[in-house]
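Engineer: Below you'll find the structure I mean.
The values are calculated or read from the model by the stated rules, or taken from the named source; none is laboratory data. Because the structure is a prediction, the values reported are computed rather than measured. Positions of Cβ are backbone-derived with ideal geometry, glycine not excepted, and every protein chain shown enters the neighbour counts. We work out accessible area using only protein heavy atoms, side chains counted, and drop any ligands, DNA or RNA first. Shrake-Rupley method; radii C 1.70, N 1.55, O 1.52, S 1.80 Å.
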Amino acid sequence: MRILVIGSGGREHALAWKLNQSPLAEEIFVAPGNGGTQEHNVPVSDKDIDGLVKFVQEKKIDFVVPGPELPLTLGITDAMEAIGIPCFGPSKACAKLEGSKAFSKEVMVAAGIPTAAYGTFQDMEKAFAFIDKHEAPLVIKADGLAAGKGVIIAQSVQEAKDAAKSMLGDKKFGDAGNTIIIEEFLAGEELSLLCFCDGENALALPSAQDHKAIGEGDVGANTGGMGAYSPAPLAQDEELEKLADITVRPLLKEMAQRGTPFKGILYAGLMMTAKGVKVLEYNVRFGDPECQPLLMRMKSDILPVMQACVEGKLKEKNIALELYPQSALGVVFAAKGYPESYPKGMEITGIATADALDDVKVFHAGTKAENGKIFSNGGRILCVVALGESLQEAKNKAYEAIGKIKMENSYYRRDIGDKGIKRLQNK
C-alpha cells in the first residue's frame, strides 16, 4: 500500500515510523513533513485540501492518515471519501468536537458525559457578569483551534476577566476566540485516554499522561505538551474499559444518533477528581506528545487497526492490541521562549548519537534538514522517547539521550514522569 501521512510534527514522524514497519506498507509519503521524515517529504501544506487530493490522485495513494486537527476540521476525510480513498480520521462534522469547544460541551451534556459546569459567551460584558457570580479559580477557553494554547487557568476574578478580554476584545487567538467557554476549575490529576473508533466500537490504547505546563512542577503557561509517559499509574489497564464506558462510548452513540458516526482516534482528556472522572476536552486525533510513547509500546501492526476503523469493522475483525510490557517516556526538547516568541534556525547536533542508544527513538517535530544538517523550525523541536523495564528506567534512559543533543537557546523540563514515579513509590 502507498500511504500518505499528513502533518509536520512529532506525532507525524511517529506515525510514519510506525506505519513504515507494516509489511502492508509499500511506500510512505509525508506532507509536508519535517527533518526527521526528509526522505518521505512532499511539499504540500497540511491545510491545502485541494493540493492533498491532487497529490493522492497523481501518486495513486491507497490510504491517508491525517495527523493534526487542522486538516480534519477542514474536511480532509470527506474530500478523500469523495474520491474513494480511505482516510483514517473523523469527518468534518465529527472533527467539530475539537474545532469547537462549545459544540463539544453541548455533545457531552446531551450524551450524559461528566464534565465541568460552564457557560458560553461571545459578549464580554455577559462573560464578566458570569465571572462575578463564580469563585476563582476559573478556566477560560477559546472556542476554536489555538494550537493547544487557548486555555487559561485564572487564579482570581480579575485574571479571569483579563483572560476573557484578551480573547474576546484583544483577539489574542484571532477568530478562535470569537466565542469563549468559562468553566469551573476541576482539581485532580490529568489522564489521557485514547481509543481507536469505528463509528460504533472503541478500542482503548494504554493509559498515558501528558505534561501541559511549560515549567517544572506544572507551573507557567500551557503548551502543546512538554512530555508524556505510558502507562500512567493513575489508571491501571483494567480500569481503562470502565473509563471508556463513561467518557468515550456514550459519545460514539450520540454522534452516531446524529448521523455522523465517529471514526479514527478519539482522545479524551480526563481529570480524575475526588468526585470521579470528568472530561476536560476531546481531541479528534492522536495527542502529541502522547502519540510517541504510545506507538513505542505498540507491538501490533497499526495499519490493519486503522483500516478496521475506517471500514467500521473493529469488532467484526476481532481487532486487539498487542503491547510491549515496558514503560515508555518521552521528553520534549524545545526552543527557549516557547510557547510565546522563540528563535528559529538553530543547528541541532547529537541527534544520531542519542538515537543510537538502546531502546531510544528521537522523533522530530519543529525541524528542517538543510545540506546534511538539522535546524530548528518551531517551538517544540524533538521528542526523545525511551523504553524501560520501569518508569524510572525509562526516564533515566530518555534523559541520558536528551543530554547528547545540543542546540543554542534550548529548553526541556527535567521532571517528566515524576508524578507517576512518586505514585508508584507510595503504593
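Engineer: Given H placed on each backbone N at 1.01 Å, which residues far from Phe63 in sequence or on other chains put an amide H within less than 5 Å of it?
Structural biologist: Placed amide hydrogens put Arg2, Leu4 under 5 Å from Phe63.
Engineer: Here's a follow-up. Mind putting a number on the dipole of the chain about its Cα centre? Charges go on the C-beta only, +1 for Lys and Arg and -1 for Asp and Glu, and I need it in Debye to the nearest 20.
Structural biologist: Charge dipole of the chain: 220 debye, to the nearest 20.
Engineer: Residues with beta-carbon under 11 Å from that of Gly379, excluding Gly379: net charge, scoring Lys, Arg +1 and Asp, Glu -1?
Structural biologist: Residues near Gly379 contribute +3 overall.
Engineer: Counting heavy atoms of the protein chains only and a 1.4 Å probe, report the per residue accessible area for the chain as a whole number of Å².
Structural biologist: 41
Engineer: Among residues other than Gly89 whose Cβ falls under 15 Å from its Cβ, what is the net charge (Lys/Arg +1, Asp/Glu -1)?
Structural biologist: So the surrounding residues net to -3.
Engineer: Name the residues whose placed amide hydrogens come within less than 5 Å of the amide hydrogen of Ala116, ignoring near sequence neighbours (fewer than 5 apart) on the same chain.
Structural biologist: Amide H to amide H, under 5 Å and 5 or more residues apart or across chains, Ala116 pairs with Val279.
Engineer: Stokes-Einstein diffusion coefficient for the range 271-427 at 37 °C in a medium of 0.692 mPa s, Rh from the Kirkwood formula over Cα pairs: what value in µm²/s?
Structural biologist: Rounded to a whole number, D works out at 186 µm²/s.
Engineer: Which value, in debye to the nearest 20, gives the size of the charge dipole of the range 72-154 about its Cα centre, when Lys and Arg are +1 and Asp and Glu are -1 at the Cβ?
Structural biologist: 100
Engineer: Let me ask something else about it. I'd like the GluC sites (Glu not before Pro) in the range 23-89 restricted to DSSP loop residues with at most 10 other Cβ atoms within 10 Å, sorted by number.
Structural biologist: Within the range 23-89, the qualifying GluC sites (Glu not before Pro) (loop, at most 10 other Cβ atoms within 10 Å) are Glu26.
Engineer: Carbon and sulfur together cover what percent of the accessible area of the range 127-231 at a 1.4 Å probe radius?
Structural biologist: 50
Engineer: What number, rounded to the nearest 500 deg cm²/dmol, is the helix-based mean residue ellipticity at 222 nm of the chain, given -39500 (n - 2.57) per DSSP H run of at least four residues and division by all its residues?
Structural biologist: Only helices count here, giving -8500 deg cm²/dmol.
Engineer: Of all the accessible heavy-atom surface of the range 336-404, with the other protein chains kept in place and a 1.4 Å probe, what percent is carbon and sulfur?
Structural biologist: After summing per-atom areas, the C and S share lands at 43 percent.
Engineer: Which log10 I(q)/I(0) values, to two decimals, does the range 343-427 give at q = 0.21 Å⁻¹ under the Debye formula with one point per Cα?
Structural biologist: Debye curve over Cα of the range 343-427, log10 I(q)/I(0) at q = 0.21 Å⁻¹: -0.97.
Engineer: So, one more: Convert each backbone phi in the range 220-236 into a coupling constant with the Karplus relation 6.51 cos²θ - 1.76 cosθ + 1.60 (shift: θ = phi - 60°), then list the ³J(HN,Hα) values in order as whole Hz, x for Gly and Pro.
Structural biologist: Per residue, the Karplus-derived 3J(HN,Hα) values read x, 5, 6, 10, x, x, 9, x, 7, 8, 8, x, 9, x, 4, 9, 6 Hz.
Engineer: Same structure, new question: On the protein heavy atoms, probe 1.4 angstrom, tell me the percent of accessible surface of the range 246-324 carried by carbon and sulfur.
Structural biologist: The nonpolar share, carbon plus sulfur, comes to 48 percent.
Engineer: Net charge within 14 Å of Glu125 by Cβ-Cβ distance, Lys/Arg positive one each and Asp/Glu negative one each, not counting Glu125 itself?
Structural biologist: With Lys, Arg at +1 and Asp, Glu at -1, the neighbours total +2.
Engineer: Going by amide H atoms built from the backbone, whose H comes under 5 Å of the H on Ser410, apart from near neighbours?
Structural biologist: Correct list: Lys336.
Engineer: Convert 37 °C to kelvin, take the viscosity as 0.692 mPa s, use the Kirkwood radius over C-alpha pairs of the chain as Rh, and evaluate the Stokes-Einstein diffusion coefficient in µm²/s, rounded to a whole number.
Structural biologist: Here the translational diffusion coefficient equals 151 µm²/s.
Engineer: I'd like the Karplus ³J(HN,Hα) series for the range 410-418: coefficients 6.51, -1.76, 1.60, θ = phi - 60°, whole numbers in Hz, and an x wherever there's a Gly or Pro.
Structural biologist: For the range 410-418, the Karplus-derived couplings read 9, 7, 7, 6, 9, 10, 5, x, 4 Hz, x marking Gly and Pro.
Engineer: How large is ³J(HN,Hα), in whole Hz, for each residue of the range 99-109 in order, when computed from phi with the Karplus curve 6.51 cos²θ - 1.76 cosθ + 1.60 and θ = phi - 60°, using x for Gly and Pro?
Structural biologist: Per-residue couplings from phi come out as x, 9, 5, 5, 4, 4, 5, 4, 5, 4, 4 Hz.
Engineer: Let me ask another. Using +1 on the beta carbon of Lys and Arg, -1 on that of Asp and Glu, and nothing else charged, what's the dipole of the range 41-118 about the Cα centre, debye to 20?
Structural biologist: 120
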